[in-house]
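Right, one structure below, let's go through it.
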Amino acid sequence: MYGMLLESVQYFVQLEYGEEIWNEVLRKANCKYTEFNTHQVYPDETMASLAAACADVTQTSYDSFMNFFGRCFVRYFSKLGYDVTVKSTGRYFTDFLESVDNIHSQFCFTYPKMKSPSIYLTDIDAKGCVLVYRSGRHGFTQYVMGQLQQISKDFYDLHLDVKVLEKASSASGSKKNLIVTYRLDFDNRNYMLHKTQRQSRRGDGLLSPVPCSLLLDLFPFGIIFDTEMKIIGGGKKLVEVWRSASSFLNQPVTKFFKLRRPKGILLTWKNIRNLKAVMFELECNVGAGDFLYDDHVEKEDVSIDQKEVPSTESVEASKRNILLKGQMKYLDDINALVFLCSPIINDLDELPEQGLYLNDLNPHGLSREMVLAGWQHNSKLEIMFDKAEHRSEDLEKNYELLEQWKEKGDDLLYSMIPKTVADRLRSGISALDTCESFEAVSILFCEIVGLSSETVKDAMDVVATMNSVFTCFDSLMDTFHVYKVETVGPIYMAASGAPERTPHHAENVADVALNMVQKMRNFKAPSGNNVEIRIGIHTGSAVAGIVGIKVPRYCFFGDTVNTASRMQSTSAPGKINISSHTKEILCADRYITESRGVVQVKGKGEMETYWLLGKNKNDDLHEDI
């Protein structure tokens, strides 16, 4: 779908629910887009995800939000000036409903990738009508209802009640289409009165019937076919350009004509009668071949017959077909349909290719003038179109690159700052406001033992060793819900309990420390040497917040940080030294500890510390250290 539909959702959700709710909706929907571009194409699932997220955030139903989204689109395109198109379709709401497919056809020039639905009316009466909606998209039943209700209210001052009568599915090739039948209840008396008056005036207008030959003189490319869809008459110009030796009369219309618009339906009597207000486009092969549809495709028991339409690209270039555009009209007197049409010619160069001349075109209307004007301006339009197409392609590529670089930027930002803190900064909170006090956090310091760099080669080995070890440690952090604070030389610092508070901070840090020691037992540095580490852990209160502007970091401050560092410096290779505070918090049934006795700690005096040896056998990591 085009971005304009999603723009309308974003605009009115922000307007009626606020910016914070919209940001929460994007988060819950896992939507990677923060802004939508009008002419960019997005996945169809995006709107359904946003509706589900809105329902979750606001504790309302999914259907109510899909209905709201439909109303939002009508209100939004009115702000962009598209309401003029709706208002000009007809005097009555029923006129608009009968012209929806024509409106979509016109917008295909502005939105060439638009996958528009098909809509037609049945059972029109003074109390409303029955509307049949057909689309390849699923899940938009309520969305359509919201659109119809808003249009009837804003443009026709009508109260509209909509209910679903039936839902059905039909397969068109590999694509599954949804067909929904709605009952629309509204005051339709003025339309019915106008229709009755128009029919009565039509009967009084002519004293005698008009012969079909006159009708085909006025429309020299027109065709007449009966209820069995066999051609019973054709315009004289169509006869002149006919290539085949055999006549097209009494032949099935599908043998020589293929339906181009409306898309995705069969050229049948029932379909044409249902879509009487829609502009039709038929491609005529003028006897050079046939367009017979595949008979093995199964028909669905729905209001419009469904089959896959053959591709026009299979026609050879040497057999240029004529594209006819016009309206289907029912002739009561002979119980037949007439296609009142004219050829679609873009410029003079196409005339000889199709065996046509200017005087072959309809004598009424502006067909000839339009061809001449098109020939004069065609080259300029082609240049402009090519430029616009290139710009559109460049824009799509730039949007893809923008998303890729945004993801890379997010990854880089989250590697420097915790995600929850980074999201708060994005919402406009200053760095000073990120500073918080935490009553209980557990902090770990780990040092790689025995590194020396007396020569350049030794320095390279040290860097390679630290990179390998710290990369191994990084992979453990998310698993145990521990935040990596920083690395300073051979020392690795991590914490749990901040910025996301958790009562299990001591267990998280203890688990990651035991896994770090276990990983190092079989770890080989790039130089081939074994690597030893010593770890210290302490639990207490701390203050944390963003520090710096150019390279901001989430840093911890307080005596707990200093004490944890002292636990590491007084530890031993291959050992985990923990303070008595940490030991008290750890569950004695799960963790194995051993008292070291009293240890002299710089700046703290004598402290009782403990070795963390392992976990009991009923836990995940049970091997003693």
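The values are calculated or read from the model by the stated rules, or taken from the named source; none is laboratory data. None of these values were measured; they are calculated from a predicted model. FYI the Cβ positions are ideal-geometry reconstructions off the backbone, even for glycines, and counts take in every protein chain you see. Areas reflect the complete protein model, heavy atoms only, side chains present, ligands, DNA and RNA absent. Shrake-Rupley method; radii C 1.70, N 1.55, O 1.52, S 1.80 Å.
With the condition kept exactly as written, say whether any residue in segment 558-566 is closer than 21 Å to residue 413 by Cβ and either touching a strand residue (DSSP E or B) at 6+ places or on another chain (Cβ under 8 Å) or in a helix (DSSP H, G or I) (or both).
Among the residues of segment 558-566, not one is closer than 21 Å to residue 413 by Cβ and either touching a strand residue (DSSP E or B) at 6+ places or on another chain (Cβ under 8 Å) or in a helix (DSSP H, G or I) (or both), which makes the answer no.
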Just wondering, is there one or more residues in segment 359-377 that are in contact with a helix residue (DSSP H, G or I) (Cβ under 6 Å, 6 or more places away or on another chain), modelled with pLDDT under 80 and outside any helix (DSSP H, G or I)?
yes
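Got at least one residue in segment 39-52 being touching a Ser or Thr at 6+ places or on another chain (Cβ under 8 Å) and open to solvent by less than 30 Å² (accessible area, probe 1.4 Å)? Give the steps one after another, and end with the answer.
Of all residues in segment 39-52, those touching a Ser or Thr at 6+ places or on another chain (Cβ under 8 Å) come to 39.
Okay, now just the ones that are also open to solvent by less than 30 Å² (accessible area, probe 1.4 Å), so none.
Within segment 39-52 (the criterion being touching a Ser or Thr at 6+ places or on another chain (Cβ under 8 Å) and open to solvent by less than 30 Å² (accessible area, probe 1.4 Å)), the answer is no, since none of the residues qualifies.
In segment 500-548, how many are among the charged types (D, E, K, R) and either at pLDDT 90 or above or part of a helix (DSSP H, G or I) (or both)? Spell out how you get there, then give the answer.
Looking only at segment 500-548, we keep the residues that are among the charged types (D, E, K, R), and these are 500-501, 507, 511, 519, 521, 524, 532, 534.
In the following step, the residues that additionally are either at pLDDT 90 or above or part of a helix (DSSP H, G or I) (or both) were identified as 507, 511, 519, 521, 534.
Counting residues in segment 500-548 that are among the charged types (D, E, K, R) and either at pLDDT 90 or above or part of a helix (DSSP H, G or I) (or both) gives 5.
Select from segment 585-606 the residues that are in contact (Cβ under 8 Å) with a residue 40 or more places away in the chain and either open to solvent by 30 Å² or more (accessible area, probe 1.4 Å) or part of a strand (DSSP E or B) (or both) and list them in ascending order.
First, the residues of segment 585-606 that are in contact (Cβ under 8 Å) with a residue 40 or more places away in the chain: 585-587, 590-591, 603-604.
Hits for segment 585-606 are 585, 587, 590, 591, 603, 604.
Restrict the check to segment 268-279 and report whether at least one residue is open to solvent by 20 Å² or more (accessible area, probe 1.4 Å), modelled with pLDDT of 80 or more and charged (D, E, K, R). Outline the logic, then answer.
Filtering segment 268-279 for residues open to solvent by 20 Å² or more (accessible area, probe 1.4 Å) gives 268-270, 273-274, 276-277, 279.
In the following step, the residues that additionally are modelled with pLDDT of 80 or more were identified as 268-270, 273, 279.
Retained after the next criterion (residues that are charged (D, E, K, R)): 270, 273.
Yes, segment 268-279 contains at least one residue that is open to solvent by 20 Å² or more (accessible area, probe 1.4 Å), modelled with pLDDT of 80 or more and charged (D, E, K, R).
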Unique residue being acidic (Asp, Glu) and closer than 26 Å to residue 393 by Cα when the list is 20, 45, 24:
45
Whichever residue in segment 125-138 is open to solvent by less than 40 Å² (accessible area, probe 1.4 Å) and not hydroxyl-bearing (Ser, Thr, Tyr) and, among such residues, is farthest from residue 162 (Cα to Cα)
136
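Take residue 443 and tell me if it is touching a residue at least 60 places away in the same chain (Cβ under 8 Å) and more than 34 Å from the chain's Cα centre (by Cα).
On the way: touching a residue at least 60 places away in the same chain (Cβ under 8 Å): yes; more than 34 Å from the chain's Cα centre (by Cα): yes.
Spelling it out, residue 443 is indeed touching a residue at least 60 places away in the same chain (Cβ under 8 Å) and more than 34 Å from the chain's Cα centre (by Cα).
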Which of the residues spanning segment 224-271 are hydrophobic (A, V, I, L, M, F, W, C) and within 28 Å of residue 117 (Cβ to Cβ)?
225, 229, 253, 257, 259, 265, 266, 267, 269
For the list (1) modelled with pLDDT under 75; (2) buried (at least 19 other Cβ atoms within 10 Å of the Cβ); (3) β-branched (Val, Ile, Thr), I need the number of the one condition that residue 210 fails.
(2)
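So which residues in segment 504-527 are open to solvent by 40 Å² or more (accessible area, probe 1.4 Å) and without any contact (Cβ under 8 Å) to a residue 60 or more places away in the chain, if there are any at all? First the steps, then the outcome.
Keep residues of segment 504-527 that are open to solvent by 40 Å² or more (accessible area, probe 1.4 Å), which gives 504, 518-519, 521-522, 524, 526-527.
Once the filter is applied, which keeps residues that are open to solvent by 40 Å² or more (accessible area, probe 1.4 Å) and without any contact (Cβ under 8 Å) to a residue 60 or more places away in the chain, segment 504-527 yields 504, 519, 521, 522, 524.
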Hits in segment 422-451 - residues which are outside any strand (DSSP E or B) and either β-branched (Val, Ile, Thr) or open to solvent by 60 Å² or more (accessible area, probe 1.4 Å) (or both)
424, 426, 427, 428, 429, 432, 433, 434, 435, 450, 451
Could you please find all residues in segment 257-266 being open to solvent by 10 Å² or more (accessible area, probe 1.4 Å) and either basic (Lys, Arg) or under 17 Å from residue 285 (Cβ atoms) (or both)?
260, 261, 263
Do you know which of the residues in segment 257-267 that are assigned to a loop (DSSP other than H, G, I, E, B) and hydrophobic (A, V, I, L, M, F, W, C) is modelled with the highest pLDDT?
267
Among the numbered criteria (1) touching a helix residue (DSSP H, G or I) at 6+ places or on another chain (Cβ under 6 Å); (2) open to solvent by 10 Å² or more (accessible area, probe 1.4 Å); (3) more than 29 Å from residue 332 (Cα to Cα); (4) modelled with pLDDT of 90 or more, which single criterion is violated by residue 146?
(2)
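Going by what's in this entry, would residue 411 be described as within 25 Å of residue 549 (Cβ to Cβ) and either under 27 Å from the mean Cα position of the chain (by Cα) or modelled with pLDDT of 75 or more (or both)? Break it down into steps so the answer makes sense when it comes.
Numbers: within 25 Å of residue 549 (Cβ to Cβ): yes; either under 27 Å from the mean Cα position of the chain (by Cα) or modelled with pLDDT of 75 or more (or both): yes.
Judged against the criteria, residue 411 is a match.
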Please give the number of the condition residue 204 fails out of (1) surrounded by fewer than 16 Cβ atoms within 10 Å (Cβ to Cβ); (2) charged (D, E, K, R); (3) modelled with pLDDT of 80 or more.
(3)
Residues being within 19 Å of residue 265 (Cα to Cα), outside any loop (DSSP other than H, G, I, E, B) and modelled with pLDDT of 80 or more - total across segment 104-140
10
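Would you point out the residue of segment 24-38, among those that are of a type in the set (D, E, K, R) and touching an Asp or Glu at 6+ places or on another chain (Cβ under 7 Å), that is most open to solvent (accessible area, probe 1.4 Å)?
Taking segment 24-38 first, the residues of a type in the set (D, E, K, R) are 24, 27-28, 32, 35.
After this cut, where a residue has to be touching an Asp or Glu at 6+ places or on another chain (Cβ under 7 Å) as well, the list is 28, 32.
On the way: 28: 86, 32: 108 Å².
Here the answer is 32.
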Using beta carbons and a limit of 7 Å, which pairs, at least six apart or on different chains, have the first residue in segment 77-89 and among the β-branched types (Val, Ile, Thr) and the second one assigned to a loop (DSSP other than H, G, I, E, B) and buried (at least 17 other Cβ atoms within 10 Å of the Cβ)?
89/99
